[in-house]
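The values are calculated or read from the model by the stated rules, or taken from the named source; none is laboratory data. Note that the structure is predicted; figures quoted are calculated from it, not measured. Because the Cβ atoms are built from the backbone with ideal geometry, glycine has one as well, and the counts that use them run over all protein chains shown. Note: areas computed on protein heavy atoms with side chains; ligands, DNA, RNA excluded. Shrake-Rupley method; radii C 1.70, N 1.55, O 1.52, S 1.80 Å.
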Amino acid sequence: MTKLQPIRNGFWTLAVFAVFAAASLSAFGQARVIEVLADKDSHFKMAGMSHAEITVKAGEPILLRVIARKGKTWNRDGSIHGFTLLRVNNRTKVPGWNLALLQGTHEFQLTAPLEPGDYVVVCSVICSEDHENMNMKLVVVP
């Protein structure tokens, strides 16, 4: 009987882990998925939009999925684009929204800013001669 005790403890540890993992996945599953393409032509793009724009609720949980395609230039660390959220009124960075993108698909669990208003997403990696035009609007509503 003593030999079965570690198996039981291992089972209960696994069961408790599974419950916590399911709870985490459940919370993660409730986040709204937003898909953005950081394209090789130095533009942010979203399906069905001629000009990419994101609208979120203040404090909303978000799963940001970004597909990054290599531009003409990139950083030494391999990042090919950036995804940095700035406040429009003073151009300061929003904490947690300064993302470096390597080539490929990336997912980020984020929370929308709590302060309603207009924000701008900019590319923080000089990716081409058209880099300055790689931006998009993000609107936070109450």
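Straight-line reach only, C-alpha to C-alpha below 20 angstrom: list the lysines that residue 57 could link to, leaving out same-chain residues fewer than 8 apart.
93, 137
Under a plain spin-label model, where a point goes 7 Å from the Cα along Cα-to-Cβ, how far apart in nm are residue 90 and residue 133?
Result: 3.2 nm between the two label points.
Accessible surface of residue 87 in the full protein assembly, 1.4 angstrom probe, to the nearest 10 Å²?
60 Å²
Just tell me which lysines come within less than 17 Å, Cα to Cα, of residue 40; anything on the same chain fewer than 8 places away is out.
Straight-line reach from residue 40, under 17 Å: 70, 72.
Go through 46, 134 and list them by solvent-accessible area, largest first, probe radius 1.4 Å.
Result, largest first: 46, 134.
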